[in-house]
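First the structure, in the form of structure tokens, and then the observations on it.
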Amino acid sequence: MNSPPYKVIFDTDPGVDDAMALYFALAHPAIEVIGVTTTFGNVTVEQAVSNALYLTAIAGVSVPVTQGIAAPLTLPAPVPPAHIHGADGLGNLVERVPIQATLDPRSSAQFIVDTARAQPGEITLVAVGPLGNLALALAIEPRLPQLLREVILMGGTVLEPGNVSAVAEANIANDPHAAAKVFAANWKLTMVGLDVTHRVILPLALFKKIADKQQHLATTTLHQAVSFYADFYSSLYPHVARIHGCFGHDVLAFLYLVQPELFALAHGRISVLTEGTLQGQTVLSNSYLADAELADRRSQCVSQVCMQVDADACLQVFEETLLGRWLG
Ligand code: BDR
Ligand code: CA
């Protein structure tokens, strides 16, 4: 691959699909992960830090990891969904090998601001958890939308039903006030939500194949974690159970980064409902605007939303990437 790597800050609440996404990013030759910023969500922020340090260390990667926001901006802290990701966020791993890794002392928000200021226009922020770190970073540095190259987030839904209520997706529902601030900022933003993540089902057998062919603690750990996660999704969705699989959610944000042609987009302003029974719903307005009307879309906070995806191609890219040469 000749194209220069995308420099990425990965904002995450690992989380099994977060772990999938992290390993896809580390394995992909066009992506350079320059920092992992953690948040509460699938687990407490302390556990998210521990998981981020562990996953990077066992993959032999040294990258700054920061501790981020511990609770939503306004709502009470949610109970982590141990039935989906395990009490440890990684499917209740039986054991963890000792690692040596240190935490970057900055907050996640400060790390995002410092890095964006130091490398203006170069950094893509891929956010796959609740959006509090990004909202705090915006408060510290209102010029962040001009300093970042792009924001790609996994969260929200337009037409697909929600996964924590009839209308809301988990990352947005966990901190709708933060999400509202993020969608109201004028950056280039792409939302990768349930409209596409519910179309891509990864079989557990794929993770076994990767662990068998690419024998390494990182791939066996991922396989173990996904085994728990696939049991959850297979218990909930008969069509997922048929292949004993799971949704890849967060990894779709990286698949969009490297292969946007696999996705069909809608454009419009996204607003978030912060109160009442529709709390956490993402509403897309002005969708399908004519191109001419989009000329000034950043100043009008017009976002892109992934509405359709080539699922087979995504699975192929995921497999090829994880089977590539990325582990020592
Ligand atoms: C999102 O919520 C979390 O549980 C997953 O890691 C993903 O980011 C899916 O709704
Ligand atoms: Ca996540």
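Summary of computed values
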| read-out | value |
| --- | --- |
| Top-ranked residue in region 15-33 [being more than 16 Å from ligand 1 (Cβ to nearest atom) and outside any strand (DSSP E or B); ranked as surrounded by the most Cβ atoms within 10 Å (Cβ to Cβ)] | HIS28 |
| Test: ALA109 is open to solvent by less than 10 Å² (accessible area, probe 1.4 Å) and either farther than 29 Å from SER235 by Cβ or part of a loop (DSSP other than H, G, I, E, B) (or both) | yes |
| Which listed residue is touching a Phe, Trp or Tyr at 6+ places or on another chain (Cβ under 7 Å), within 16 Å of ligand 2 (Cβ to nearest atom) and not β-branched (Val, Ile, Thr), from LEU222, LEU153, LEU194 | LEU222 |
| Yes/no for ALA116 being under 27 Å from THR221 (Cα atoms) and either in a strand (DSSP E or B) or modelled with pLDDT of 95 or more (or both) | no |
| Number of the condition not met by LEU53 [criteria: (1) within 16 Å of ligand 1 (Cβ to nearest atom); (2) touching a residue at least 40 places away in the same chain (Cβ under 8 Å); (3) among the hydrophobic types (A, V, I, L, M, F, W, C)] | (1) |
| Those residues of region 80-93 which are open to solvent by 40 Å² or more (accessible area, probe 1.4 Å) and either modelled with pLDDT under 95 or within 16 Å of ligand 2 (Cβ to nearest atom) (or both), in sequence order | PRO80, ALA82, HIS83 |
| Residue identified as part of a loop (DSSP other than H, G, I, E, B), out of contact with any helix residue (DSSP H, G or I) (no Cβ under 8 Å at 6 or more places or on another chain), more than 18 Å from ALA185 (Cβ to Cβ) and in contact (Cβ under 8 Å) with a residue 24 or more places away in the chain among ALA77, ALA87, ALA101 | ALA77 |
| Candidates VAL49, VAL36, VAL61 - the one that is more than 13 Å from ligand 2 (Cβ to nearest atom) and not in a loop (DSSP other than H, G, I, E, B) | VAL49 |
| Among the candidates LEU202, LEU148, LEU159, residue that is open to solvent by less than 10 Å² (accessible area, probe 1.4 Å), modelled with pLDDT of 95 or more and within 16 Å of ligand 1 (Cβ to nearest atom) | LEU202 |
| Hits in region 128-145 (condition: away from ligand 2 (no atom under 16 Å from the Cβ), touching a residue at least 12 places away in the same chain (Cβ under 8 Å) and either crowded, with 24+ Cβ neighbours inside 10 Å or part of a loop (DSSP other than H, G, I, E, B) (or both)) | ALA137, GLU141 |
| Those residues of region 162-190 which are part of a helix (DSSP H, G or I), closer than 16 Å to ALA253 by Cβ and near ligand 1 (Cβ under 9 Å from one of its atoms), in sequence order | ALA170, ASN171, ILE172 |
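Here is a yes/no grid of residues against (1) at pLDDT below 95; (2) surrounded by 15 or more Cβ atoms within 10 Å (Cβ to Cβ); (3) among the small types (Gly, Ala, Ser):
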| residue | (1), (2), (3) |
| --- | --- |
| HIS239 | no, no, no |
| GLY245 | no, yes, yes |
| TYR256 | no, yes, no |
| ALA264 | no, no, yes |
| ALA295 | yes, no, yes |
| SER299 | yes, no, yes |
| VAL309 | no, yes, no |
| CYS314 | no, yes, no |
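The values are calculated or read from the model by the stated rules, or taken from the named source; none is laboratory data. Remember, it's a predicted structure, so these values are computed and weren't measured experimentally. All Cβ positions, even for glycine, are placed from backbone atoms using ideal geometry, and neighbour counts span all protein chains on display. Keep in mind that these areas ignore ligands, DNA and RNA; they rest on the heavy atoms of the full protein, side chains included. Shrake-Rupley method; radii C 1.70, N 1.55, O 1.52, S 1.80 Å.
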